[in-house]
Amino acid sequence: MVKISVKDLLKRALMVGASEVKLIPGRRTIVITPAGENEVRGDPQTPERINAMLESVLTNEARRSLSTGFAEWTFDLPEHGPVRAVAELKMGLVQATFDLTLPADLEASGLEPTAPPQRPAAPSPTIHSVTSLGRAREEGTGGIPVPQKPTQPSLQKVDSPSPYSRLVAEAGDSPDPINRLLRKMVDLRASDLHLCVGSPPMLRLDGDMVPMADERPLSENDVPQILWPIVPERNRREFEEVKDTDFAHEIPGLARFRSNVFLDLRGMGAVFRVIPSKILTVEQLGLPTELLSLCNLAKGLVVVTGPTGSGKSTTLAALIDYINRTRKAHIITIEDPVEFVHQNQQSLLNQRQVGEHTKSFKAALRAALREDPDIVLLGEMRDLETISIAIETAETGHLVFGTLHTSSAPSTIDRIIDQFPTNQQNQVRTMLSGSLKGVIAQMLCKKKGGGRVAALEVMMGVPAIANLIREGKIFQIPSVMQTSRNIGMRLMNDSLFELVKAGKVEPDEALSKSNDKATLMTMFRQAGVSFSATA
């Protein structure tokens with residue numbers, strides 16, 4: 001790539017009538033002209049490239065000032081005159097802005113007053129294509145001293161033309177700005193809302209990412225101002241320490257939202273997953289009735305698996321709701337955060353949130369053994385110790401529901417066993433063969449006409465399956481599942497095939513979700529179902 005100095009970059013910007021140039025890590029060079037703000041062609045700026053470009057124009061005093069987080073100075077641009085430069089640290093990365101509108105007689109040395117000069121109204125010259133500026137891609141090496149600890153995004157209200165910033169400035173600590181977006185998300189029946197600097201609010205609608213209509217891109221100041229009013233104090237501290245945090249947010253009467261706030265290259269971001277206030281029942285979800293037998297067990301381990309966003313929480317909530325309506329039991333849920341809120345019916349429920357009501361999953365699971373539970377729901381089987389305690393709990397007369405991020409029943413068993421050291425795996429196989437009572441693997445498919453529908457793989461812990469687990473013959477489990485459909489077992493391909501035959505899912509969509517595409521194609525051919533040759 002061609003290296004370019006900051007002075008050459010500014011000269012090219014002047015050729016297209018630019019009044020200001022911005023260098024922001026992760027974004028292409030930004031040029032502001034009378035026509036507005038534009039990103040020029042070329043690679044996004046990297047922190048190293050920005051540092052190298054600034055080295056040639058930084059004064060000694062500006063360099064010292066920047067090490068504390070902010071610097072402002074002027075330098076002379078040949079054949080133009082003085083340029084005001086501002087560099088600051090955002091999340092530990094340097095951003096720079098160059099003001100090309102200073103009066104020609106301004107002294108081009110030393111720091112200038114903080115308040116920027118009034119810009120004269122720019123004429124409307126014939127503007128060459130801004131993209132011509134990006135034909136040379138900047139690259140360089142070198143560095144600028146930065147603090148060891150990254151700074152946090154500013155949470156102060158700022159005067160910004162963005163409607164989000166103005167709304168927050170007026171509302172103070174009001175959650176109205178984010179609640180407005182969340183209400184709009186629910187109205188549109190989207191599953192997730194994404195907030196990211198430089199993009200308008202984005203929705204996951206029927207599995208696809210789409211921009212929210214009539215919303216403008218968010219600035220670096222907008223996102224924290226929108227989010228901060230709803231972040232609990234504990235999560236604010238966690239965010240400052242580890243740069244991400246999970247919590248639940250609720251709009252009474254509408255829905256709860258599982259929230260994750262994080263930092264990325266551009267600044268603060270967030271994702272919200274909608275959790276309906278009303279829990280869908282097993283019947284409403286159309287889950288196989290054979291799954292209800294798992295809810296009536298006295299003890300054992302039941303694992304619901306699938307990728308992120310596959311509906312595991314919804315399925316688990318439906319199963320717990322069924323138990324709540326039909327059994328007189330004590331149910332303890334351990335979640336991060338608490339998603340679906342259950343009201344006591346036939347059963348007594350205690351719902352504990354990690355970080356809020358307990359230190360960790362494993363701590364809450366150990367404590368649960370002293371809290372007289374019949375059923376324990378473990379929101380996530382995250383590590384070796386948690387999995388180990390879950391298996392022990394299932395063996396000692398409790399029914400345990402848990403989740404893993406695997407795509408099939410056999411891979412779930414392999415994942416659990418592989419968590420343990422090699423010298424313990426034979427013992428774990430024996431324990432798991434006796435305690436594992438069911439695996440429900442699921443994924444969501446795009447539904448014809450809109451919406452999504454779940455495809456399920458179901459494995460029951462019958463003696464034949466238990467023997468294969470004990471003997472380490474996991475690869476033979478699909479064969480047993482295939483020949484045991486009469487007791488409710490099914491492979492993922494069986495479920496996908498049924499959805500296609502029922503006219504709910506397109507064949508190509510089913511193939512895209514299948515773990516065994518060749519077998520599903522054969523099933524389609526035998527049934528006369530057409531599909532894309534490239535599926």
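For the reader, a short list of remarks on this structure follows.
- Normalised per residue, the volume of the convex hull around the Cα set of segment 190-237 (Å³): 92
- A Cβ-based charge dipole, computed about the Cα centre of the chain with Lys and Arg at +1 and Asp and Glu at -1, lands at about 1480 debye.
- For the cross-link pairs K447/K517; K184/K447; K312/K448; K243/K359; K299/K447, the ones whose C-alpha atoms lie over 26 Å apart are K299/K447.
- If you take the alpha carbon atoms of segment 332-374 and fit the smallest convex hull around them, that volume is 64 Å³ per residue.
- In plain terms, the residue of K90, K501 with the fewest other Cβ atoms within 10 Å comes first and the most crowded comes last, giving K501, K90.
- Expected 222 nm ellipticity per residue - DSSP helices of 4 or more, -39500 (n - 2.57), all of the chain, to 500: -9000 deg cm²/dmol
- Orientation-averaged projected area, Cα convex hull of segment 209-325 (nm²): 10.6
- Scalar couplings 3J(HN,Hα) for segment 235-242, obtained by applying the Karplus form with A = 6.51, B = -1.76, C = 1.60 to θ = phi - 60°, are 6, 5, 5, 5, 4, 5, 7, 10 Hz; x denotes Gly and Pro.
- Over segment 282-490, the ratio between the Cα radius of gyration and 2.2 N^0.38 Å evaluates to 0.98.
- Computed from phi, the 3J(HN,Hα) profile of segment 401-415 under the Karplus parametrisation 6.51, -1.76, 1.60 (θ = phi - 60°) reads 9, x, 10, 9, 9, 10, 10, 7, 5, x, 5, 5, 5, 4, 4 Hz, with x in place of Gly and Pro.
- Shape of segment 26-94, Cα gyration tensor, a/c cut at 1.5: oblate
- Normalised Debye scattering of segment 163-276 at q = 0.10 Å⁻¹ gives log10 I(q)/I(0) of -0.26, counting only Cα atoms as equal scatterers and leaving out solvent.
- Semi-axes of the equivalent ellipsoid for segment 386-515, computed as √(5λ) from the eigenvalues of its C-alpha gyration tensor and ordered from largest down, come to 30, 15, 13 Å.
- Positive dipole terminus of the chain, leading residue within A527, T396, M431 (C-beta point charges): A527
- Amide H within-cut-off set for L436, under 5 Å, with H built and near neighbours excluded: L301
- Neighbour-count order for I251, I487, fewest beta carbons within 10 angstrom listed first: I487, I251
- Amide H contacts of S310 (H built 1.01 Å from N, in plane; Pro and chain starts excluded): no residue 5 or more places away or on another chain comes under 5 Å.
- Protection proxy ranking, highest mean first, for peptides 231-239, 210-218, 440-448: 440-448, 231-239, 210-218, where packing is the per-residue count of other beta-carbon atoms within 10 Å, averaged.
- Rounded to the nearest 20, the Cβ-based charge dipole of segment 428-491 about its Cα centre (Lys and Arg +1, Asp and Glu -1) stands at 320 debye.
- Counting only DSSP beta bridges with both residues in the chain, the antiparallel share comes to about 70 percent.
- Over the chain, the reciprocal of the mean inverse Cα-Cα separation, the Kirkwood hydrodynamic radius, stands at 27.0 Å.
- Given charges at beta-carbon only (K, R positive; D, E negative), |dipole| of segment 163-276 in Debye: 200
- For M381, distant residues with modelled amide H under 5 Å away: T403
- Angle in degrees between helix 384-395 and the longest Cα principal axis of the chain, rounded to the nearest 10: 20
- Taking all Cα pairs closer than 8 Å and separated by 6 or more residues, the relative contact order of the chain comes to 9 percent.
We did not get these values from a lab; they are worked out from the coordinates using the rules stated. Predicted, not measured: the structure shown is a model, and the values here were computed from it. Glycine gets a Cβ as well: all are built from the backbone with ideal geometry, and neighbour counts include every protein chain shown.
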